[in-house]
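Novice: Take this structure, written in structure tokens, and hold onto it; I'll ask about it next.
The values are calculated or read from the model by the stated rules, or taken from the named source; none is laboratory data. Keep in mind it's a predicted model, so treat the numbers as computed, not measured. When we count neighbours, we look across all protein chains shown, and the Cβ atoms used for this are built from the backbone with ideal geometry, even at glycine. The accessibility values were calculated without ligands, DNA or RNA, using every heavy atom of the protein model including side chains. Shrake-Rupley method; radii C 1.70, N 1.55, O 1.52, S 1.80 Å.
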Amino acid sequence: MRFGVVVFPGSNCDHDAWYAVTANLGHEADFLWHSDRGLKGADCVILPGGFSYGDYLRCGAIAKFSPVMESVKRHAAEGGLVLGICNGFQILTECGLLPGALVRNRNLKFICKPVELRAATPNSPFTCAIPADASLTIPIAHGEGCYTASEEMLDRLEAEDRVAFRYVQNPNGSLRDIAGVLNEGRNVLGMMPHPERATDPLMGSVDGRLVFESLIQTLAPAQ
Amino acid sequence: MSEITPEIVAAHQLTPDEYDRIVAILGREPNLTELGIFSVMWSEHCSYKSSRLHLKKLPTRSPRVVQGPGENAGILDIGKDAAGNDYCIAFKIESHNHPSFIEPFQGAATGVGGILRDIFTMGARPIAVMDALRFGPLDHPTAGARNRRILDGVVSGIAHYGNCFGVPTVGGETVFEPSYNGNPLVNVFALGVFRKDQIFYGKASGEGNPVIYVGAKTGRDGIHGASMASAEFTEESKQKRPNVQVGDPFMEKLLLEACIEAMATGAIAGIQDMGAAGLTCSTCEMGSRAGTGIEFDLKHVPQREKGMTPYEIMLSESQERMLLVAFKGREQEVLDVFKKWGLDAVIIGQVTTDGILRVKDHGTVVAEIPNRPLADEAPLYDRPYTQPLRTAPLEAPAFASADLTADLFTLAGSGDLCDKRWIWEQYDYMVRTNTLAGPGGDAAVVRIKETGSSVAMALDGNGRYTLLDPREGAKLMVAECCRNLSCVGAEPVGATNNLNFGNPERPEIMAQLVEAIEGMAEACAFFETPITGGNVSLYNETLGDPIFPSPVLGIVGLLPTADPPGIAFRGEGHHVYLLGGIGEADEQRMGCTQYAKQVVQQMWGLPPRLDMEFEKKVQQAVREIVRSGAAASAHDVSDGGLVWALAECSFPNGIGVAAEVDSDLRPELLLFHEGPSRVVISTADPGVVETIAAHHGVPAVRLGQTVRNRLAVVNRGEALIGTELDALKERWSTALASQLEAELHV
């Protein structure tokens, strides 16, 4: 399987995502420069963590205008897989691929720590390999990770089974403990926790592998 | 051209003698721009004029040292990768004390930015940052509110810069003393990794080579920052906020990526960041190192605002700027890389052979100064020194504990010993997925993916020890730092120092500096950790009150990549040993301890006694035990003494120890003395621990076994300490947040 890792000038988890899917999971991956169009044949595009264009205005507010995002949107519209992690999640909400918004953490501080997550649905290409009752230990590292959306939208997300992950102990004030959501087509996931940081036993947890293994399992029959 | 009066000279913090020297170098009176240039280059901050004589005493060489002091950072060889390429690390510590007092957020943020540039200007990609922070007490009756605001601002500033840049902040230490009320310390350590054949130096070589300015535009911020950092604080200097620079970590990240990419083209001859003293320092130092001159025109320098004078442009300390020299004919390759990253890159001049820094403004020469005297022949002072300032009595007061367990709770709630999670959870300590051991342990460990080996690093300093005896205090600091590295299995190989002291023109302060340097020199030579660079921060006084003499040391060590044991007891029924034994203590040597500070609330006497030979044996034994895999945990005994070390081992997993000892010491000393050369080890394999300890001739005292949720110490049948862990941990883990958040969220 081939991953494409988008590189904005302020991405700083781009290499971690690349390392996770190549060295730790044994798949192919290319970097995709923000000002280029084209995805080099990626089956799954990863929008990594970081600060895209500095994010002084609003996280992801400028990234949504970048050339590479035109290609990502087309890929998503055609049913292609897109995984937005942290800043990538923020960008996906800014450009309308996912509903809601990420605002400042309730305590107004950046928070970096491992948290407990539960997959809220097995019914997605990002969660299908995760055992139903599993509690996953995956780190968060963000200042603006508090998920918000209108009550109607939150109800709709739940009714349509589009909440992908929930925090066991809500670290940042996210509404309804939401840590990750899916688009209507279920081929785009945004999540604040960093699964790529939990793919190597030396980093303390390998629970993040389950997200990538779900993707691999989803695509395997097609290949 | 304005007339230079004695008042103008004094306002530039130059002495009449120094002014005469400038006139002699130039063979004429300087103009105002030239005077400004001399004043920053000859400031204490840039020239080390009070400390240079003594810094020469420090050991700086070993077979691993590729670059010692004098460059942007020190470099050590760490060995080869699988393909046979030699790899190196570059590292240094630097202070940003004065700016952090004036504007905590930006002061600390730009402190991080400055040291990161020092690392990547040499070609190394930064992979770790650590911070040593000193503040006034958060509950101080008059300064508490300000101290809380400073701490909050400093931590946010470090987090903002490091997190956005994408370098993990993997550790550090935070200590509180009233002497830092008006003078907090922010010392930032950074470490980077690169291949040995990819090292770049700050040299302007090659006649006619173009000189290129890259990065942020030059503004009026930070003018005279270097000379501000070389003056004591007075009432007026609190008004100096415009002197503090503003940081842009996104710009810095672009600079990093662009510089590393540009270096790979092979078109760069030399490169240096613009830090303190900005364009002035980078142009004259690069010329001086290469024995060349640089000639450039200010009209090419990208400027943030209109109407800036040559004086302002030359002295600006705007952040995120670099100066580089390209090979003639290949400049376009360099410019193209910077364009790709959306950065300004402009040819501003060229390298000459006459050794002169020649600055033009639209063709008119506005400054013309020989590089070498400016950069390397700054005044050198052998400042008089007497006996170190001592503000505490030698004799111990009478003290006796009413309740030892209550004393332990007092320590748990103290600023120095309480949980610092509130601070380090604001730092992204995992980005780059190399952090094998992050904050909260004895030493941080960062994996080097390229070589399959890892680097451990620790920062240490103890102002109380160095106040009571600067020489012995400095030696203890080196010993502790090396011990911390040994606890994760690392072999210490090199060091960087940050010397934070008061006004060196006072002989009793100068004496603190001299003795601390000599102590550090002796111990660094003994433990084979050469000093490869560092920083001196003097004049840390406010209204005549000096800080405690506060040297801070960063030591790096090497180890094979593995999961380090950590400090935490990991399972019930493990055997707990005190490697190195109970140690020696007396009333006089209790006066420096956390027990004296937090419980007796006095300071007196002397720091603990250190036997360096014995210390080395203990460290060797610890390393061997850890590397054998027999240690479930390893944690050195330092601040707070034995019982506090046991408490720290117990907190993470709620697994404590029931310890029984056999000692003549009275309980307060036995539990809380801070004698060095001791490490708490837990193991499921006691035979291995005992065998290795015996092999090194080091006592391994068996304390007892690990137990769930309990910490107890019994001496010869007498119960000294007994508590459930939950309550003690609650006190420890909430102390800092409750002191800070009560205020900040009003």
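Novice: Would a scan of the stretch B:194-212 turn up a residue that is in contact with a strand residue (DSSP E or B) (Cβ under 6 Å, 6 or more places away or on another chain), in a helix (DSSP H, G or I), open to solvent by 10 Å² or more (accessible area, probe 1.4 Å) and modelled with pLDDT of 95 or more?
Specialist: Checked the stretch B:194-212: at least one residue is in contact with a strand residue (DSSP E or B) (Cβ under 6 Å, 6 or more places away or on another chain), in a helix (DSSP H, G or I), open to solvent by 10 Å² or more (accessible area, probe 1.4 Å) and modelled with pLDDT of 95 or more.
Novice: Report yes if some residue within the stretch B:419-440 is modelled with pLDDT of 95 or more, within 30 Å of the chain's Cα centre (by Cα) and more than 14 Å from every other protein chain (Cβ to nearest Cβ); otherwise report no.
Specialist: no
The rows are residues; the columns are (1) crowded, with 24+ Cβ neighbours inside 10 Å; (2) more than 32 Å from the chain's Cα centre (by Cα).
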{"position": "B:THR265", "(1), (2)": "no, yes"}
{"position": "B:ILE268", "(1), (2)": "no, no"}
{"position": "B:ASP273", "(1), (2)": "yes, no"}
{"position": "B:THR280", "(1), (2)": "yes, no"}
{"position": "B:GLY291", "(1), (2)": "no, no"}
{"position": "B:ASP297", "(1), (2)": "no, yes"}
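Novice: Restricting attention to the stretch B:157-174, which residues are open to solvent by 30 Å² or more (accessible area, probe 1.4 Å) and within 12 Å of chain A (Cβ to nearest Cβ)?
Specialist: B:HIS160
Novice: Now for a separate question. Got a sec? Which helices (runs of 4 or more DSSP H) wholly within the stretch B:607-673 have at least 1 residues that are open to solvent by less than 10 Å² (accessible area, probe 1.4 Å), over 17 Å from B:TYR595 (Cβ atoms) and among the acidic types (Asp, Glu)?
Specialist: In the stretch B:607-673, the matching helices (runs of 4 or more DSSP H) lie at B:612-628.
Novice: For the stretch A:28-53, give me each residue that is within 19 Å of A:GLU196 (Cβ to Cβ), in a loop (DSSP other than H, G, I, E, B) and at the interface with chain B (Cβ under 10 Å from one of its Cβ atoms).
Specialist: If the condition is that a residue be within 19 Å of A:GLU196 (Cβ to Cβ), in a loop (DSSP other than H, G, I, E, B) and at the interface with chain B (Cβ under 10 Å from one of its Cβ atoms), then A:GLY49, A:PHE51, A:SER52 are the ones that fit.
Novice: Is it true that B:LEU558 is among the hydrophobic types (A, V, I, L, M, F, W, C), more than 30 Å from B:GLN512 (Cβ to Cβ) and either open to solvent by 20 Å² or more (accessible area, probe 1.4 Å) or modelled with pLDDT of 95 or more (or both)?
Specialist: yes
Novice: A:ILE85: in contact (Cβ under 8 Å) with a residue 60 or more places away in the chain and either within 14 Å of another protein chain (Cβ to nearest Cβ) or buried (at least 20 other Cβ atoms within 10 Å of the Cβ) (or both), yes or no?
Specialist: So A:ILE85 passes the test.
Novice: Still on this structure, I have one more. Any residue at all in the stretch B:165-173 that's part of a helix (DSSP H, G or I), touching a helix residue (DSSP H, G or I) at 6+ places or on another chain (Cβ under 8 Å) and at pLDDT 95 or above?
Specialist: There is at least one residue in the stretch B:165-173 that is part of a helix (DSSP H, G or I), touching a helix residue (DSSP H, G or I) at 6+ places or on another chain (Cβ under 8 Å) and at pLDDT 95 or above.
Novice: Evaluate the stretch A:170-193: report whether one residue or more is away from every other protein chain (no Cβ under 14 Å), in contact with a Leu (Cβ under 9 Å, 6 or more places away or on another chain), of a type in the set (A, V, I, L, M, F, W, C) and open to solvent by 40 Å² or more (accessible area, probe 1.4 Å).
Specialist: Scanning the stretch A:170-193 turns up at least one residue that is away from every other protein chain (no Cβ under 14 Å), in contact with a Leu (Cβ under 9 Å, 6 or more places away or on another chain), of a type in the set (A, V, I, L, M, F, W, C) and open to solvent by 40 Å² or more (accessible area, probe 1.4 Å).
Novice: Check the stretch B:442-459 and report whether any residue there is within 13 Å of chain A (Cβ to nearest Cβ), hydrophobic (A, V, I, L, M, F, W, C), part of a loop (DSSP other than H, G, I, E, B) and over 25 Å from B:SER738 (Cα atoms).
Specialist: Looking through the stretch B:442-459, none of the residues is within 13 Å of chain A (Cβ to nearest Cβ), hydrophobic (A, V, I, L, M, F, W, C), part of a loop (DSSP other than H, G, I, E, B) and over 25 Å from B:SER738 (Cα atoms).
Novice: What is the residue count in the stretch B:55-80 for residues that are without any contact (Cβ under 8 Å) to a residue 60 or more places away in the chain and closer than 21 Å to B:LEU538 by Cβ?
Specialist: Qualifying residue count, the stretch B:55-80: 1.
Novice: When you check A:PRO122 against the structure, is it more than 29 Å from A:LEU154 (Cα to Cα), over 14 Å from the mean Cα position of the chain (by Cα) and not in a helix (DSSP H, G or I), yes or no?
Specialist: no
Novice: So, one more: Restricted to the stretch B:538-555, and to residues that are farther than 18 Å from B:GLU173 by Cα and assigned to a strand (DSSP E or B), which residue is most open to solvent (accessible area, probe 1.4 Å)?
Specialist: Looking at residues that are farther than 18 Å from B:GLU173 by Cα and assigned to a strand (DSSP E or B), I get B:ASP545.
Novice: Now, a different point. May I ask you to verify whether A:ILE138 is within 14 Å of chain B (Cβ to nearest Cβ), modelled with pLDDT of 95 or more and closer than 12 Å to A:ALA179 by Cα?
Specialist: yes
Novice: Looking for whichever is hydrophobic (A, V, I, L, M, F, W, C) and within 14 Å of another protein chain (Cβ to nearest Cβ) here; the options are B:LEU279, B:LEU254, B:LEU298. Which one fits?
Specialist: None of the other options fit; the residue is B:LEU254.
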